[in-house]
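None of the figures in this text is laboratory data; all of them are computed from the coordinates on show. Keep in mind that this is a model prediction, so the values were computed, not measured. Every residue, glycine among them, receives a Cβ derived from its backbone with ideal geometry; neighbour counts consider all protein chains shown.
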C-alpha cells in the first residue's frame, strides 16, 4: 500500500506546483506588469490560489502522507481541484466549496492525530486547519477577501508555530515557555474573532499576536542550536530564523496600517507574511517534505542559499516600494519575487536524487 500511495502523490504535488506558478503569474499581473492574462479569472484568484490551491494542497498532502490513510488524500485532491476550477474561470463558489471540503478533511485528519497524540502542538496545528476551514466558509458565504485572508493567514501561522513547538520539545521547554506560547496564540486568535465585528481592531490584535509569536519563536526555537551543525541543518535554521523576522515585520505593519483593505500598505502587510515568513518556511522544510512525499532524498548544496538570499532582497525591494509609494520599486520587487519561485523550484528539482 505504501508503495502505491507514493506514486499517487506525484500528481497532487504537480497540481500544487502548477497552481503556484499560475498564482505567481497572476500576482505579477496584479502588481502592474502588462503581461498577458492567461485565464480571465486568474488575476482576481491570486490570493485563494496561493493559499488554498498551493499551500493548502501541499500541507494537506503532507499530512495525508503522515497519517497513511487513503481517505486523507481527499483533502489535497479537493483543494487542488478547487484551485484548478478557479483558474479555468468556473464560478468562485465552486472553487470555494471544494477548498472548504478539502479543509474539512484536513480538520478530520487532525482530529485523528489529536486523539492519538493529545498535546499542545497537535492542538495548535489542528487549530490552524480549523482556521483554514472557517476562512473558506466565510469566503463561500460572500465575505470580503481582506477579512477572509486573516483566517487564511491564521492557518499558516498556527501550522508553522505548532510544528516548531513540536520540535522545540527536545529543549524541554519550561511551563512558562508553554504558557507564553498559549498566550501568543490566544492573542492572535482573539484578533481573528474581533475582526468579524471590528476589522481594524482585529487586525491590530492579530498584529500583536504575530509579534508575540515571532518573539517566542526567536527565543525558544531549536533552530538556534542547529546553526552550529553546518550543511543542510544550518540552511534550514537560517531559513526559519530569517522568516521569523518577516513575521515580526508583518506584525508591526498590521499595528500601523491595520485598517487598510487595499493598496500598497495592505500589500506590505500580506506579503511580508506570505512571502517573507511562509515562503522562507517552505524553503527550509522543502528538503524534508519533498523526500517524504516523493520518496526521493534531496542532495544538499550551498546553491540552495541563492533562492533564500534573493527572496529577502527582492521582498525588501517590494516592501520598500510599498511603504515609500515607490511604484517602480514595488513592481520590480514583485516581478523578482516570481523569479525567486522559479529558482526555488529549479534548485529543488536539481537536488532530488534519483534512485
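Structure data summary
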quantity: Read-out Rg and Dmax of the Cα atoms in Å, derived from the coordinates shown; its label in [x] 21.2, 70; [y] 26.3, 97; [z] 18.9, 55; calculated: [z]
quantity: Distance from region 262-284 to region 309-355 (C-alpha centre basis), Å; calculated: 11
quantity: Relative contact order, percent, the chain [alpha-carbon distance under 8 Å, six or more residues apart]; calculated: 13
quantity: Euclidean distance between Cα centres, region 118-186 to region 41-90, Å; calculated: 19
quantity: Most to least packed among 48-55, 317-324 [average Cβ atoms within 10 Å]; calculated: 48-55, 317-324
quantity: Fluctuation leader among 290, 188, 277 - the chain, Gaussian network, Cα springs under 10 angstrom; calculated: 290
quantity: Highest-first arrangement of 114-124, 142-152, 19-29, where packing means the average Cβ count within 10 Å; calculated: 19-29, 142-152, 114-124
quantity: Gaussian network model of the chain, springs between alpha carbon atoms under 10 Å - residue of 296, 192, 253 with greatest fluctuation; calculated: 296
quantity: Ellipticity estimate at 222 nm from DSSP helix runs (n ≥ 4, -39,500 (n - 2.57)) divided over the chain, nearest 500; calculated: -25500 deg cm²/dmol
quantity: Sequence ranges 308-316, 241-249, ranked by mean other-Cβ count within 10 angstrom, highest first; calculated: 241-249, 308-316
